[in-house]
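*Asks:* Structure provided below as structure tokens; questions to follow.
The values are calculated or read from the model by the stated rules, or taken from the named source; none is laboratory data. As the structure is a computational prediction, the values presented were derived from the model and not from experiment. Every residue, glycine as well, gets a Cβ built from its backbone with ideal geometry; the counts of neighbours run over all protein chains shown.
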Amino acid sequence: MAKATATANANIALVKYWGKRNKDLILPYNGNASMTCDGMTTTTTVEFSDKYKEHTVVINDEEFKKDEKDIHGHIDRICKLAGIDEKARVVSESNFPVAAGLASSASGFAALTVATAKAAGLDLDKKELSILTRQGSGSACRSIFGGFVQWHRGQKEDGSDSYAESIADKNHWPDFRMVTTIVEVKKKPVSSRGGMAQTVATCPFYKDWVETAKEDLKNVIDGIKERGFEKVASTAEFNCLKMHATMITTKPSIIYWIPATMEIIHAVRQMREEGLHAYFTMDAGPNVKVMCLKEQENEINKSLQELEGVIKTIVCRPGDGTKIIEKHLF
Ligand code: DP6
């Protein structure tokens, strides 16, 4: 089949990936973990044909220009693996703002990899798909799986043991909620790729980040298995603050937060004072994701929506991994 369509959900890290030990293969310094989120989905159709003279990529109705996330190079990587030299037309749509620290590159690269591999005639299992996806964008390798996922750091130089794997599927903990609070939809000033490279190169605390992330990962995995909300969410919040501490202490300093970000952080802490079970996490951008459980979702979501600077919220539950679907975008 020379045409295929895949869907992928975004994922939000509970233990962050921040820093590469190998930039070409995209190998992380620390193992990490995430929740795949329903409600933040990318759909991508890929067609190979000799009528195309070069790869063309259209994302949310706009022709994609080459940037540091080398989509064209990633398609070439898959073509090489499949032994085909036809060119691809790629059309991709996401139902949430891209490049604002909302993990759009995760769902984007996961859907792209799965659709391209299928259209190229490759028959890969999920582990192989996650290794392939990882080479396009690191965090995307986790979106191959649904529910709760870990990305193994691995030890090997060729990256063959650095892949994502399920911790528990979405039905293990259907009450877990990730409320994505959007305060800005602009493209971020410093990309995650550039930001993490600068952090590895100049942050004096980087080795402490790597060292302490190990215990965070163990706590988050144990917490997920036993459905211990406080254990998972409080570890995730602290892990996120440590990641931002490394960003802030690079040269030049990277500060992704804006006043509305702080507004939400303080509001979440206030909620806890009042007995609600809410914790926050943030990625390479100003938006805040608030973790809570179903029974307090409505109350927490309503309070977040009323905050100054909040444009909207998206309530996510544990979602599915990537899927091949029949309905093409073109
Ligand atoms: C802060 O996966 O976008 O969201 O591998 O360079 O494409 P590249 O980086 P990317 O970085 C994500 C960083 C993060 C944390 C996380 O999702 O684990």
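*Asks:* Please work out which residue is farthest from the ligand (Cβ to nearest atom), limiting yourself to the range 6-33 and to residues that are surrounded by fewer than 24 Cβ atoms within 10 Å (Cβ to Cβ) and polar (S, T, N, Q).
*Replies:* Ranking the candidates gives Thr7 first.
*Asks:* Only one of Ala88, Ala106 is touching a strand residue (DSSP E or B) at 6+ places or on another chain (Cβ under 9 Å) and either under 26 Å from Val220 (Cβ atoms) or modelled with pLDDT under 95 (or both). Can you tell me which? Full working, then the answer.
*Replies:* Working: Ala88 fails: either under 26 Å from Val220 (Cβ atoms) or modelled with pLDDT under 95 (or both).
The match here is Ala106.
*Asks:* Out of curiosity, is Ala140 closer than 30 Å to Phe280 by Cα and either touching a helix residue (DSSP H, G or I) at 6+ places or on another chain (Cβ under 8 Å) or hydroxyl-bearing (Ser, Thr, Tyr) (or both)?
*Replies:* Numbers: closer than 30 Å to Phe280 by Cα: yes; either touching a helix residue (DSSP H, G or I) at 6+ places or on another chain (Cβ under 8 Å) or hydroxyl-bearing (Ser, Thr, Tyr) (or both): yes.
Yes; evaluated as a whole, the condition is true for this residue.
*Asks:* Report whether or not Thr235 is surrounded by 14 or more Cβ atoms within 10 Å (Cβ to Cβ), in a loop (DSSP other than H, G, I, E, B), within 16 Å of the ligand (Cβ to nearest atom) and not small (Gly, Ala, Ser). Working first, answer last.
*Replies:* Values: surrounded by 14 or more Cβ atoms within 10 Å (Cβ to Cβ): yes; in a loop (DSSP other than H, G, I, E, B): no; within 16 Å of the ligand (Cβ to nearest atom): yes; not small (Gly, Ala, Ser): yes.
Here the answer is no, as Thr235 does not meet what is asked.
*Asks:* Spot the failing condition for Ala284; the list is (1) more than 16 Å from the ligand (Cβ to nearest atom); (2) in contact (Cβ under 8 Å) with a residue 24 or more places away in the chain; (3) closer than 23 Å to Lys187 by Cβ, and only one is missed.
*Replies:* The one condition Ala284 does not meet is (1).
*Asks:* Also, I was wondering about something else. Taking the range 254-273 on its own, how many of its residues are touching a residue at least 24 places away in the same chain (Cβ under 8 Å), touching a strand residue (DSSP E or B) at 6+ places or on another chain (Cβ under 7 Å) and not hydroxyl-bearing (Ser, Thr, Tyr)?
*Replies:* 1
*Asks:* Also, I was wondering about something else. Could you count how many residues in the range 52-86 are part of a helix (DSSP H, G or I), within 16 Å of the ligand (Cβ to nearest atom) and either among the hydrophobic types (A, V, I, L, M, F, W, C) or over 28 Å from Gly194 (Cα atoms) (or both)?
*Replies:* Summing the residues that are part of a helix (DSSP H, G or I), within 16 Å of the ligand (Cβ to nearest atom) and either among the hydrophobic types (A, V, I, L, M, F, W, C) or over 28 Å from Gly194 (Cα atoms) (or both) in the range 52-86 gives 2.
*Asks:* I'd like the full set of residues that are crowded, with 18+ Cβ neighbours inside 10 Å, hydrophobic (A, V, I, L, M, F, W, C) and within 14 Å of the ligand (Cβ to nearest atom), limited to the range 158-202.
*Replies:* Ala164, Met178, Met196, Val200
*Asks:* Then there is this: Regarding the range 148-157, can at least one residue be identified that is under 15 Å from the mean Cα position of the chain (by Cα), within 30 Å of Ile314 (Cα to Cα), within 14 Å of the ligand (Cβ to nearest atom) and free of Cβ contacts under 8 Å to residues at least 60 places away in the same chain?
*Replies:* No: zero hits.
Yes or no, residue by residue, for (1) free of Cβ contacts under 8 Å to residues at least 40 places away in the same chain; (2) under 28 Å from Asp222 (Cα atoms); (3) among the aromatic types (Phe, Trp, Tyr):
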site	(1), (2), (3)
Pro28	no, yes, no
Thr36	no, yes, no
Thr43	no, no, no
Lys51	yes, no, no
His72	yes, no, no
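*Asks:* Here's something else I'd like to know. Quickly run through the range 294-330 and pick out the residues that are loosely packed, with under 14 Cβ neighbours inside 10 Å, touching a strand residue (DSSP E or B) at 6+ places or on another chain (Cβ under 8 Å) and under 16 Å from Val268 (Cβ atoms).
*Replies:* Listed by number, the list holds a single entry, Gln305.
*Asks:* Turning to a different aspect of this structure: Among the candidates Thr42, Thr36, which residue alone is buried (at least 18 other Cβ atoms within 10 Å of the Cβ), of a type outside the set (Asp, Glu), within 19 Å of Phe330 (Cα to Cα) and within 16 Å of the chain's Cα centre (by Cα)? Before the answer, list the steps.
*Replies:* On the way: Thr36 fails: within 19 Å of Phe330 (Cα to Cα).
Testing whether each residue is buried (at least 18 other Cβ atoms within 10 Å of the Cβ), of a type outside the set (Asp, Glu), within 19 Å of Phe330 (Cα to Cα) and within 16 Å of the chain's Cα centre (by Cα) leaves just Thr42.
*Asks:* Does the range 108-136 hold any residues that are within 11 Å of the ligand (Cβ to nearest atom) and surrounded by 24 or more Cβ atoms within 10 Å (Cβ to Cβ), and which are they?
*Replies:* From the range 108-136, those within 11 Å of the ligand (Cβ to nearest atom) are 108-110, 133-136; that's our starting set.
Scanning the range 108-136 gives Gly108, Phe109, Ala110, Thr133, Arg134, Gly136.
*Asks:* Picking from Ile254, Ile224, Ile324, which residue would you name as being in a strand (DSSP E or B) and of a type in the set (A, V, I, L, M, F, W, C)? Reasoning before the result, please.
*Replies:* On the way: Ile254 fails: in a strand (DSSP E or B); Ile224 fails: in a strand (DSSP E or B).
Only one candidate passes the filter, namely Ile324.
*Asks:* Another question, if that's okay. Exactly one of (1) at pLDDT 95 or above; (2) away from the ligand (no atom under 16 Å from the Cβ); (3) in a strand (DSSP E or B) is unmet by Gly39. Its number?
*Replies:* Status for Gly39: all satisfied but (1).
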